[in-house]
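Below is one structure; the comments refer to it alone.
FYI, it's all coordinate maths here, none of it is from the lab. Note that the structure is predicted; figures quoted are calculated from it, not measured. Reconstructed Cβ throughout: ideal geometry from the backbone, glycine too, with neighbour counts over all protein chains shown.
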Amino acid sequence: MADVSKVINDADQWLFGKLGEQSKLTKTDNPAVTVAEIQSKASELEKACKKILSTPKPASAPAPESEKKDSKPKEGERESADASKTAMDVDSAEAPAAEGDKMNVD
């Protein structure tokens with residue numbers, strides 16, 4: 001991790017130094033930094049970070065059995081939830097609009 005931090009800090013300092021040099025140049029001067037140099041620094045950063053990025057995430061610990069049992073609804077709770085869901089579905093379902101009930105969109 002320290003290696004990656006060092007590479008990032010070095011690249012950051014290099015970039016800001018080149019940007020400072022570029023800001024001092026006129027439009028007709030040669031650039032302070034070229035695309036090839038930027039690509040080279042980017043590949044160095046990628047190479048340094050690849051080890052961290054390719055490391056798999058640690059597996060999460062499974063939940064204890066007592067929490068798993070509490071999260072499931074009980075028999076009575078499940079039936080009441082299903083009944084209220086059905087009632088909501090019936091209330092929210094609308095019959096097709098009749099000819100006279102069309103909305104005026106003018």
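Determine the dipole magnitude for the range 2-54: charges of +1 sit on the beta-carbon of Lys and Arg, -1 on that of Asp and Glu, nothing else is charged, the reference point is the Cα centre, and the result goes in debye to the nearest 20.
The dipole of the range 2-54 has a size of about 80 debye.
Work the Kirkwood hydrodynamic radius out for the range 2-54: mean of 1/r over every pair of different alpha-carbon atoms, inverted, in Å.
One decimal place: 12.2 Å for the Kirkwood radius.
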